[in-house]
Structure formats: C-alpha cells, structure tokens
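Below is the structure I would like to discuss, written out as structure tokens.
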Amino acid sequence: MPDESYVGRSLEPSEAYRVGREKIREFATAIGEGSRICHDVEAARAAGHPDVVAPPTFTATITMPLIEAFLRDPDFGWDYSRMVHGDQTITLHRPIHGGDELVTVIHVDELTTRAGSHMLTLRCELADVEGTPVSTTKAMLVTQAAS
C-alpha cells in the first residue's frame, strides 16, 4: 500500500536541467513534429524565440526520470511493475527553449484506492532557475493493489 502520508507533500526541487538544442531536435523528430522552430535556430529567432522551441510533450523527458525515481522509492510503497498511465495534462506558461535551465518540484496531490487499484496524481511544476514558472504537468498513475 502506498504511503498516504505523502499526499499534500512537495518533494525537494530537482537539480537544474539544461535543455539541449539537439535534445529538442531529436525529440521533435521522434514525435513527428516538423515545425521549423523546433529544428532551426534562425527560424525560431525569426518567430521571436531565443532558440529552438520544444514541443509541449518534451516536458516528459525532464519529469519522467524524476517521477520514476520517486515511485521506485521503497518508502513510498508504489508497485511500479504494475503501473499504467491513466491521464496526463501539460500547461505551458511559456515555451521551453534550447539553453533553458529548469528546476522541477513534484507535488503529491492525490492518492485514492478504488476497485482494487491505487490512483496517484502527481503535479510537476517546472520553473527556470530564477523561479519563473515555465510548465505545469499533472499525471494520474494507476497500479493494482496487492491481493
């Protein structure tokens, strides 16, 4: 059983993640995003951006390793081997650009058990190193309760 005392807690801020221009290009190519602002610095600058622009779902490359580390912590008690992804939302407060340095704070918003499944909602707040909000993601994850 996951530890319900985590609900309402915020985890420690992550180390700063420096967004690489090539990471954005590779991610955009992998998901089929052909917009020139995601691949070409000059096109991005002509559109008013300081560098290439990450697709909104790029946030997963930053947040998912942090979420996985939390969920694999035996103190929390989550069965990662039986997990499925139930829902995801991403709110961009501004585009993510190559060269950004971003810090993530994970918030444990909700944990419920219904019909033999644990449902966990995690909110990740991404901000630049100055503390200005960049993106908010929410993931609802489901794992089967031990029988």
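What fraction of the Cα pairs in region 1-60, stated in percent, has a spacing above 20 angstrom?
Numbers: 762 of 1770 pairs.
More than 20 Å apart: 43 percent of the Cα pairs in region 1-60.
Also, quick follow-up: Computed from the mean reciprocal separation of all distinct C-alpha pairs, what Kirkwood hydrodynamic radius does region 62-147 have, in Å? Walk me through the intermediate numbers first.
Details: mean 1/r = 0.0719 Å⁻¹.
The Cα-based Kirkwood calculation yields 13.9 Å.
What Kirkwood hydrodynamic radius, in Å, does region 95-142 give when the mean of 1/r is taken over all pairs of distinct Cα atoms and then inverted? If you can, show how the numbers build up before the last one.
Values: mean 1/r = 0.0825 Å⁻¹.
With all distinct Cα pairs of region 95-142 included, I get 12.1 Å.
With charges only on Cβ, +1 for K and R and -1 for D and E, what is the dipole size of region 1-118 about its Cα centre, in debye, rounded to 20?
Details: 11 positive and 19 negative charges, 79 e Å.
Computed about the Cα centre, the dipole is about 380 debye.
From the C-alpha coordinates alone, can you work out the Kirkwood hydrodynamic radius of the chain, in Å?
Values: mean 1/r = 0.0612 Å⁻¹.
Taking the inverse mean of 1/r over all distinct Cα pairs, the chain comes out at 16.3 Å.
What would the Debye equation give as log₁₀ I(q)/I(0) for region 36-100 at q = 0.12, 0.25, 0.29 Å⁻¹, counting only Cα atoms as equal point scatterers?
Each listed q corresponds, in turn, to -0.46, -1.06, -1.24.
Every number in this text was worked out from the coordinates using simple rules, so none of it is lab data. This is a predicted model, so every value here is computed, not measured. Here Cβ is always computed from backbone atoms with ideal geometry, including for glycine, and neighbour counts include all displayed protein chains.
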